[in-house]
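Values in this text are rule-based calculations from the coordinates and carry no lab data. Just so it is clear, the model here is predicted, and its values are computed rather than measured. No Cβ is skipped: glycine too gets one built from the backbone with ideal geometry, and neighbour counts run over all protein chains shown.
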Protein chains: 2
Amino acid sequence: MEKISEFTVRRLSNYYRILLDLEKRGIPTVSSARLAELGGITSAQVRKDLSYFGNFGTRGLGYSVTELKNAIVEILGLNRQWTMALFGAGSLGHALFFHEGFREDGFYFKHVFDVDPKKVGTKWNDVDITHQRNAEEVLRRDPVHIAVVATPPEAATDIIELLVRAGTKGILNFAPTQLTVPDGVWLRNVNLAVALESLSFYLSM
Amino acid sequence: MEKISEFTVRRLSNYYRILLDLEKRGIPTVSSARLAELGGITSAQVRKDLSYFGNFGTRGLGYSVTELKNAIVEILGLNRQWTMALFGAGSLGHALFFHEGFREDGFYFKHVFDVDPKKVGTKWNDVDITHQRNAEEVLRRDPVHIAVVATPPEAATDIIELLVRAGTKGILNFAPTQLTVPDGVWLRNVNLAVALESLSFYLSM
DNA sequence: TAGATTGTTAATCGATTAACAATC
DNA sequence: TAGATTGTTAATCGATTAACAATC
């Protein structure tokens with residue numbers, strides 16, 4: 001397979017959400033031009049993105065909403081369950097754990113780790129909050145696909161190292177810490193401050 | 001001023017955080033090569049990014065950590081207070097409201113809006129939670145620089161419209177809704193599902 | 001001075017867009 | 001068939017990197 005850029009993958013996520021909405025509204029087909037309009041991009045971009053993965057449309061007619069949605073579900077790997085472990089049971093961790101959209105997409109939390117003795121031993125839904133010192137052992141015994149790091153920045157580096165040792169292959173990091181991972185491990189950073197600072201930059205102009 | 005890309009602005013945010021850390025560790029100077037190493041990019045990229053805004057270094061010696069940090073603070077507009085309004089007092093809104101890093105950077109919430117009668121009338125710290133139907137009036141009387149939207153996706157479109165009417169110029173949107181704003185209004189989207197779907201895509205390969 | 005490192009220009013790389021033959 | 005729209009190639013645009021003169 002030709003190398004797929006992160007840009008393309010992010011747009012696929014967007015097409016997926018747009019198609020879900022069209023399907024809910026009972027719209028049977030969509031053209032690349034309409035999909036582009038709804039996504040705020042060009043129709044050439046839409047067709048180019050899809051062309052990496054196959055031919056999903058019909059010339060003259062466009063795309064079947066349901067078929068294209070199902071194809072993107074396959075491409076993004078959303079046709080199965082993804083297990084996750086949460087590090088950090090603070091307010092951000094809480095928001096992520098209880099975020100409806102994740103479970104609907106097939107992502108669900110199996111483990112929660114924290115260092116706060118007041119939290120360790122309690123439960124969120126039916127998931128125990130475990131002390132972080134046991135995380136490596138727990139994840140070796142009962143691995144997850146993805147770890148979500150929502151701890152203070154100082155804690156993130158150690159957590160990444162234990163995750164690599166435990167064999168976790170996907171990491172979503174919310175801590176504003178520069179992290180590196182070996183080949184074969186996928187790391188995505190979400191930095192809330194960066195988005196705000198981009199606004200303050202453009203608002204200052 | 002030459003047009004500055006969003007890529008450059010995001011890297012400036014990163015340089016800022018790296019420089020804060022170097023300063024805290026008492027390191028007086030840094031070269032573009034070292035800054036690049038810490039940020040996981042190339043030294044040419046660092047020098048190019050900075051060159052849009054001025055000459056901050058000394059040939060042969062590199063950059064003064066404190067001076068460069070202060071210069072970036074100016075560039076990003078972090079040398080002042082930014083007022084914000086939060087829409088949606090759910091668990092994500094709660095996490096954002098109580099997020100330490102924002103206030104440290106000069107961003108703070110002045111208003112919180114929600115539609116839940118159980119929440120309206122209560123307070124977070126010293127900020128009243130107000131019914132969303134009064135948001136436009138409140139924001140006209142007491143405007144903010146930035147609105148943060150952490151509501152269900154169905155609510156986002158109406159909120160964006162009221163914000164535009166109220167004259168709010170910066171919007172940080174967490175709702176997975178395709179939104180458009182007129183010229184002069186800056187919108188940034190943060191979509192948590194997109195980051196996870198990018199992981200599931202690459203993990204599926 | 002000699003070594004180090006910036007600031008900037010030119011070259012490269014990769015992503016987006018335009019254009020159009022294929023075809024429903 | 002005629003009009004519409006895909007899939008793909010080539011052209012364009014913009015971002016990154018290499019290279020190096022300037023200079024501390």
**Request:** Work through the residues other than residue A:191 whose Cβ is under 11 Å from its Cβ and net out their charges, Lys, Arg +1 and Asp, Glu -1.
**Result:** +2
**Asked** For chain B, what does -39500 (n - 2.57) per DSSP helix run (n ≥ 4), summed and divided by total residues, give at 222 nm, in deg cm²/dmol to the nearest 500?
**Response** -13500 deg cm²/dmol
**Request:** Between the label point of residue A:158 and that of the same position in each other copy, find the distances and list them shortest first in nm, with every label point placed 7 Å from Cα along the Cα-to-C-beta direction.
**Result:** 4.7
**Asked** Charges only on Cβ, +1 for Lys and Arg, -1 for Asp and Glu: so what's the dipole of the range A:6-75 about the Cα centre, in debye to the nearest 20?
**Response** 120
**Message:** Please report the net charge: other residues with Cβ closer than 12 Å to the Cβ of residue B:164, K and R +1, D and E -1.
**Reply:** -2
**Request:** Give, rounded to the nearest 20 debye, the magnitude of the charge dipole that the range A:90-191 has about its Cα centre when Lys and Arg contribute +1 at Cβ and Asp and Glu contribute -1 at Cβ.
**Result:** 100
**Request:** Taking only the C-alpha atoms, wrap a convex hull around chain B and report its volume per residue in Å³ as a whole number.
**Result:** 162
**Fill in**
antiparallel share of DSSP beta bridges within the protein assembly as shown, to nearest 5, in %, is 20
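Provide, as a two-decimal number, the C-alpha radius of gyration of the range B:82-195 over 2.2 N^0.38 Å, N being how many residues it has.
This ratio for the range B:82-195 stands at 0.97.
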**Message:** Relative to 2.2 N^0.38 Å, what does the C-alpha radius of gyration of the protein assembly as shown come to as a ratio? Two decimals please.
**Reply:** 1.02
**Span from the the range B:39-95 Cα centroid across to the the range B:154-188 one, whole angstrom** = 25
**Per the axis that maps chain B onto chain A, nearest residue of B (Cβ criterion) and its distance in Å** = B:95, 2
**Asked** What are the distances, in nm and sorted shortest first, from the label point of residue B:81 to the label points of the same position in each other copy, with each label point placed 7 Å from Cα along the Cα-to-Cβ direction?
**Response** 5.0
**Prompt:** Which whole-Hz ³J(HN,Hα) couplings does the range A:96-107 yield from phi under the Karplus relation 6.51 cos²θ - 1.76 cosθ + 1.60, θ = phi - 60°, glycine and proline marked x?
**Reply:** 5, 4, 9, 5, 4, x, 5, 4, 4, 7, x, 9
**Asked** Within the set A:119/B:69; A:123/B:118; A:24/A:110, which residue pairs have Cα atoms separated by over 27 Å?
**Response** A:119/B:69; A:24/A:110
**Message:** Just to be sure I understand: of the beta bridges DSSP finds with both ends in chain A, what percent are antiparallel, rounded to 5?
**Reply:** 20
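Cα gyration tensor of the range B:6-75, axes a ≥ b ≥ c as square roots of the eigenvalues: rounded (a/c below 1.5), prolate (a/b > b/c) or oblate?
In terms of gyration-tensor shape, rounded.
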